[in-house]
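Step one of this worksheet: look at the structure below.
Each reported figure results from applying straightforward, stated rules to the coordinates on display, with no laboratory input. None of these values were measured; they are calculated from a predicted model. Cβ atoms come from the backbone with ideal geometry, glycine included; neighbour counts cover every protein chain shown.
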Amino acid sequence: MAMAKAMELANKNLDRMYFEVSKLRDKLEEAILKIPDTKSYVDKRFRLPNTVIASFRGIEGEAMLWELNQAGIYAATGSSCSSERLEGSEVLEALGEDPEIAHTGIIFSLSRFTKEEEIDYVIEKLPNIVDKLRNISMTYAKVKSS
């Protein structure tokens with residue numbers, strides 16, 4: 001009975017939650033895509049409502065995670081089952097990205113507890129983090145000069 005009640009509560013207002021989380025995801029993704037040399041993956045219709053996978057040309061995923069973490073923003077470079085690997089994202093490579101870009105992938109995950117103010121905070125901080133890391137990136141310097 002307890003499990004049935006837990007499932008009932010977890011699924012309560014699922015449609016509303018799906019809509020609200022999708023709206024926040026879309027707001028975050030739109031802001032990310034305004035940053036030059038960024039890309040997101042998988043059509044919104046075919047992915048979870050709470051996930052944005054983006055790449056930032058010239059920025060290693062681990063460096064991005066460090067800077068995001070310093071700003072109190074928590075993201076990931078891949079699934080937890082691949083956390084020990086140093087290769088690029090197999091998912092991004094399967095989507096046709098070259099290995100250099102696959103190393104730049106970041107996953108932002110939202111939940112029903114994510115607030116719009118938190119998304120606004122990420123949107124405010126992210127461009128400065130990207131600029132900072134690209135200014136010290138030898139890879140991005142090569143791309144810009146080409």
*asked:* Using 22 Å as the Cα-Cα cut-off, could you pick out the over-long pairs in Lys23/Lys125; Lys27/Lys125; Lys39/Lys125; Lys27/Lys115; Lys34/Lys125; Lys44/Lys125?
replied: Lys44/Lys125
*asked:* Could you give each residue of the stretch 127-136 its phi-based ³J(HN,Hα) in whole Hz, using Karplus coefficients 6.51, -1.76, 1.60 with θ = phi - 60°, and x for Gly or Pro?
replied: x, 5, 5, 4, 4, 4, 6, 5, 5, 10
*Förster radius 35 Å - calculated FRET efficiency between Asn13 and Gln70 (Cβ-Cβ, nearest 0.05)*: 0.50
